[in-house]
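Worksheet: one structure, shown below.
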Amino acid sequence: MKYFFGLGNPGKQYEKTRHNIGHQFIDFLKTKNLSNLKFKINSGFMNEAGLSAQQFVHFYKINLNNFYLVHDDLDLPVGEYRLQFDRRPAGHHGVESVIGHLGTQAFNRIRIGIGKPPEFIAVEDFVLQQFTKDEKVLIDQTIDKITEELKTNL
């Protein structure tokens, strides 16, 4: 069994924002009838996601080799992703919270690129913006690619 935990913020106003790509990915996976997977999104705001992740891990007694944290990444262009193990948070406060509550960074991460903000937009504002139409097409293709890779490798 593999366990996926998607980062994002609660509420309609955040639903389709860049920062909620982890929630969007989990919502997509849920439609695929993948019986060997369990899913959860954090219950509070992203920067406090660690407690929710910790509860998920403890409830299912998850071996962290089977745990996948899904989140947005400013360092990757829209349309790119990385499936990696044992990485530092690189300034992502939601990831920092999860690492802090799990007591380790030794777990799988699916980093989905959301691009970098233009110089005139603050990062905090950029991550709360929705994707453009063209970017949304790329994001949908990326989510499909990740899903296919997971089907092959899981």
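Residues that are in contact with a Leu (Cβ under 9 Å, 6 or more places away or on another chain), more than 15 Å from residue 50 (Cβ to Cβ) and touching a residue at least 60 places away in the same chain (Cβ under 8 Å): does segment 88-107 have at least one?
The answer is no, given that none of the residues of segment 88-107 is in contact with a Leu (Cβ under 9 Å, 6 or more places away or on another chain), more than 15 Å from residue 50 (Cβ to Cβ) and touching a residue at least 60 places away in the same chain (Cβ under 8 Å).
Check whether at least one residue in segment 119-141 is surrounded by 11 or more Cβ atoms within 10 Å (Cβ to Cβ), in contact with a Phe, Trp or Tyr (Cβ under 9 Å, 6 or more places away or on another chain), touching a residue at least 24 places away in the same chain (Cβ under 8 Å) and not aliphatic (A, V, I, L, M), and report yes or no.
No, that holds for no residue.
Could you tell me whether segment 102-115 includes any residue that is more than 12 Å from the chain's Cα centre (by Cα), β-branched (Val, Ile, Thr) and part of a helix (DSSP H, G or I)?
No, the conditions are met nowhere in segment 102-115.
Just checking, which of 17, 104 is β-branched (Val, Ile, Thr) and surrounded by fewer than 19 Cβ atoms within 10 Å (Cβ to Cβ)?
Result of the check over 17, 104: 104.
Can you name every residue in segment 11-51 that is without any contact (Cβ under 8 Å) to a residue 40 or more places away in the chain, over 19 Å from residue 96 (Cβ atoms), outside any helix (DSSP H, G or I) and not charged (D, E, K, R)?
Passing the criteria: 11, 31, 33, 35, 39.
Read-outs: derived from the displayed coordinates by stated rules, not from any lab. Bear in mind the structure is a predicted one, so any value in this text is a computation, not a measurement. All Cβ positions, even for glycine, are placed from backbone atoms using ideal geometry, and neighbour counts span all protein chains on display.
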